[in-house]
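Chemist: Take a look at this one; I'll ask things after.
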Ligand code: ADP
């Protein structure tokens, strides 16, 4: 048999119309609304269910109530009917007795016997009384069980008997019966013995009229007890009430001490034929059972509440689940976005090494698409063919969870065959149950990083090679911790690996204290306030006795790689230079002496001539005195005068020799504050010898109150002598006439930007200096003279410059023609610069001294 397979359309076609309608409506709702309906639908249906249950209960209760009411009514009416029938029957019996008594009066005994016969079996009747018109009891009968020994004493039956003038129910009924001549029921009352009773008065009517009454007294209680059927009494409570609603008797005795509950189902009927307000009341037993006390109802209510509560709980739970679902979805999206945007390649493998996942970055890095990689087993397509074995080993290690935490470096081949370096990190993949399902590997391209690292290490290597290869010791020490941060090979060679060498070269002071303390140091940080690049970049020369070496030390502050302030020292071994400088200085001194000797040599003939005069004079004086003494032609005073003159001449000769000696004497250069005038005087005296020989006049002007100059007087004297001699030689050499054979020496103060100076100038009226000569004036061994050595001016300049002075030469003109030349030099005054020069340990000065006479070594003989 073919099973019908239905297309979705057919299936939907089979759906009922309301189903389709509901489906259409449902789809029209927004998800939030659907959610709301799904949540509140069950809640509403449970509430509706509860309402329906309550309604059903209410309806059933009503139904039951009505049925009960009906039943009470019926039973009450049945009881009333029974009682009525009995009462009517009794009344008939009593009427019969009344008739018989009227027709045939009987004695009391006879009456009692008749009554006992007639009333046997009528338990409701308590008493039967025969009372005549004068209210006299003529006979009576007491029912069995009701006070059998009760007599007719007024006390016993007082209340039951009519008494003229008394307002009692018995009297009232008697009067009514007498008046109406019809049977009359009395009002209920409580008779002797405590029983509620009702009396029926039947009038005895004779021909003569009213002859008394027959009174039947009923026990109300017995009436109920004997004339309400048992099943009726079981079902409902029957009670008799008087006209005022007081309870006279009831089939159910009230439980003592318990207040009778008001009945909700009551039915009352007047007790006919007793037309005296007596009421029979039927009362439903179950009237007190309310809706609220119904267990079933409460169970249903409790179940409904439980269902609603559980629905709300489910709803809340669902909401939480939804929120979690949302969060999860967000988290998943976030992770996916992160994964896709990430530059790190991600690859997941199962425990067998099969690729289960690759992210876009991994594909971009390797050039393979996702489909080319997923489900691949080793060897993977991105393994370089020559590295299968190595990669296989690494993968094996990876799968066994033994990859190093720092990652592994591998070569990866792109799809186009090019290679790159990558670093891979491996971590286990754990599923939600905590079981490991595989491995997740991240891959970063480190080609660039590796290149940079290689470059860095190469540059570092270059840097260290250069630093290590330096002849200078380079060391860096942190300022605050006093810790040696760097030392190159030369440093280690000379000072070892500790910081003592650094401290020694820094002048025994560490770090910041090398700077001038005070203003330049920040009180708070202890750091130099000036820019560290400028700080302490001055160099100083330090002698290390232990090594027997001189170092030129340059200090500089810098920020170390970790940000700390550090001091870098570069100590260059300058021992050789110091030696050369010392040598040069010694040679310069020698050269100066030599030059002075040369000058003196040149002046030798003049000096000889100069010395000749006093010696000739001495000789003449001596000869004259000898001849006059021989002739005895001299007076003692004349002799003394002549001897004085001789002695003076000898002194003069001695002076000349002393001056020459002190000029050429070899002595250490000594700078001191000295008067310009004294230097000028000495120089002029020596030069005078030459000037006189060459017949050149010298005019000297020295300004008054000149400050002392800081100089070596012998050297300055040498300079002056040289200039004066050159001037005289120029004038003499040019063979100028007497008018131009003049030299002027002037010494005046000068103010220059460098401070106070004293200017010496030697002006001659000679032929001047030719241009080509001016350019080479200070060149050593340059001379225009046949016998000139050409070292005079070169020496003059080095002497002046070593005194921080300047020397210059210029021609003097009168129009176009040269009228002479002037040499000018300056010397700083002692008070300012000279002081500084004396106290300075400035390395500049020895260097200046050393560098000025470049030609000196050659000068040395
Ligand atoms: P020397 O005197 O041995 O030649 P110097 O160095 O003293 O060596 O002088 C160098 C040259 O400078 C001289 O040869 C001369 O030509 C020139 N000279 C120096 N002083 C004068 C001067 N006052 N007038 C002209 N020329 C001069």
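Chemist: Would you pick out the residues in region 566-584 that are crowded, with 18+ Cβ neighbours inside 10 Å and farther than 24 Å from residue 490 by Cβ?
Modeler: 584
Chemist: Given the structure, is residue 600 under 30 Å from residue 719 (Cα atoms), part of a helix (DSSP H, G or I) and in contact (Cβ under 8 Å) with a residue 12 or more places away in the chain?
Modeler: Yes, satisfied.
Chemist: Quick test for you: out of 737, 713, 707, 749, pick the one residue that is in contact with a helix residue (DSSP H, G or I) (Cβ under 7 Å, 6 or more places away or on another chain) and over 30 Å from residue 654 (Cβ atoms).
Modeler: Going through 737, 713, 707, 749 in turn, just one is in contact with a helix residue (DSSP H, G or I) (Cβ under 7 Å, 6 or more places away or on another chain) and over 30 Å from residue 654 (Cβ atoms): 707.
Chemist: Sticking with this structure for a sec: Give the residues of region 781-803 that are buried (at least 21 other Cβ atoms within 10 Å of the Cβ), near the ligand (Cβ under 10 Å from one of its atoms) and at pLDDT below 90, sorted by residue number.
Modeler: Within region 781-803, 791, 792, 794, 795 qualify.
Chemist: Further, regarding this structure: Sort out which residues of region 394-413 are exposed (fewer than 14 other Cβ atoms within 10 Å of the Cβ) and farther than 15 Å from residue 442 by Cβ, and write them in order of number.
Modeler: The answer is 396, 400, 401, 402.
Chemist: I would also like to ask the following. The conditions are (1) touching a helix residue (DSSP H, G or I) at 6+ places or on another chain (Cβ under 8 Å); (2) more than 25 Å from residue 618 (Cβ to Cβ); (3) surrounded by fewer than 18 Cβ atoms within 10 Å (Cβ to Cβ), and residue 639 fails exactly one of them. Which is it?
Modeler: (2)
Conditions tested, residue by residue: (1) more than 8 Å from the ligand (Cβ to nearest atom); (2) within 60 Å of the chain's Cα centre (by Cα); (3) crowded, with 20+ Cβ neighbours inside 10 Å.
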residue	(1), (2), (3)
749	yes, no, no
754	yes, no, no
763	yes, no, yes
768	no, no, yes
772	yes, no, no
776	yes, no, no
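Chemist: May I pose another question? Applying the selection to region 624-647, what residues are modelled with pLDDT of 90 or more and either within 60 Å of the chain's Cα centre (by Cα) or under 21 Å from residue 610 (Cβ atoms) (or both)?
Modeler: Across region 624-647, the qualifying residues are 646, 647.
Chemist: Give the residue, chosen from 758, 743, that is crowded, with 22+ Cβ neighbours inside 10 Å, more than 12 Å from the ligand (Cβ to nearest atom) and either farther than 24 Å from residue 600 by Cβ or touching a residue at least 12 places away in the same chain (Cβ under 8 Å) (or both).
Modeler: One residue alone meets the criteria, 758.
Chemist: May I ask you to say which residue of 697, 728 is touching a residue at least 40 places away in the same chain (Cβ under 8 Å), within 16 Å of the ligand (Cβ to nearest atom) and surrounded by fewer than 18 Cβ atoms within 10 Å (Cβ to Cβ)?
Modeler: 697
Chemist: Checking the conditions here, which among 639, 643, 611, 615 is free of Cβ contacts under 8 Å to residues at least 40 places away in the same chain and under 30 Å from residue 726 (Cβ atoms)?
Modeler: 615
Chemist: Right, next: So how many residues does region 670-694 have that are touching a helix residue (DSSP H, G or I) at 6+ places or on another chain (Cβ under 6 Å), within 22 Å of residue 760 (Cα to Cα) and crowded, with 16+ Cβ neighbours inside 10 Å?
Modeler: 9
Chemist: Select from region 804-830 the residues that are part of a loop (DSSP other than H, G, I, E, B) and in contact with a helix residue (DSSP H, G or I) (Cβ under 9 Å, 6 or more places away or on another chain) and write down the one among them that is farthest from the ligand (Cβ to nearest atom).
Modeler: Within region 804-830, the match that is farthest from the ligand (Cβ to nearest atom) is 804.
Chemist: Still on this structure, I have one more. How many residues are closer than 17 Å to residue 130 by Cβ and not in a strand (DSSP E or B) when one looks only at region 189-207?
Modeler: 0
Chemist: Another one. Answer with yes or no whether residue 402 is part of a helix (DSSP H, G or I), at negative phi and without any contact (Cβ under 8 Å) to a residue 24 or more places away in the chain.
Modeler: no
Chemist: Is it true that some residue in region 671-686 is within 16 Å of the ligand (Cβ to nearest atom), at pLDDT below 90 and under 20 Å from residue 597 (Cβ atoms)?
Modeler: Yes: region 671-686 contains one or more residues that are within 16 Å of the ligand (Cβ to nearest atom), at pLDDT below 90 and under 20 Å from residue 597 (Cβ atoms).
Chemist: Residue under question is residue 697, and the condition is that it be more than 60 Å from the chain's Cα centre (by Cα), at pLDDT 90 or above and farther than 21 Å from residue 792 by Cβ; does it hold?
Modeler: yes
Chemist: Within region 107-127, is there a residue that is more than 20 Å from residue 220 (Cα to Cα), in contact (Cβ under 8 Å) with a residue 40 or more places away in the chain and surrounded by fewer than 22 Cβ atoms within 10 Å (Cβ to Cβ)?
Modeler: no
Chemist: Okay, next question. It is to be established whether one or more residues within region 425-432 are surrounded by 16 or more Cβ atoms within 10 Å (Cβ to Cβ), part of a strand (DSSP E or B) and without any contact (Cβ under 8 Å) to a residue 40 or more places away in the chain.
Modeler: Within region 425-432, one or more residues are surrounded by 16 or more Cβ atoms within 10 Å (Cβ to Cβ), part of a strand (DSSP E or B) and without any contact (Cβ under 8 Å) to a residue 40 or more places away in the chain.
Chemist: Mind counting the residues in region 348-373 that are free of Cβ contacts under 8 Å to residues at least 24 places away in the same chain, surrounded by fewer than 15 Cβ atoms within 10 Å (Cβ to Cβ) and assigned to a loop (DSSP other than H, G, I, E, B)?
Modeler: 2
Chemist: Going by what's in this entry, would residue 719 be described as without any contact (Cβ under 8 Å) to a residue 12 or more places away in the chain, within 23 Å of residue 603 (Cβ to Cβ) and more than 9 Å from the ligand (Cβ to nearest atom)?
Modeler: Judged against the criteria, residue 719 is not a match.
The values are calculated or read from the model by the stated rules, or taken from the named source; none is laboratory data. Keep in mind the model is a prediction, meaning the values are calculated, not measured. Note: ideal-geometry Cβ built from the backbone for every residue, glycine included; neighbour counts use all protein chains shown.
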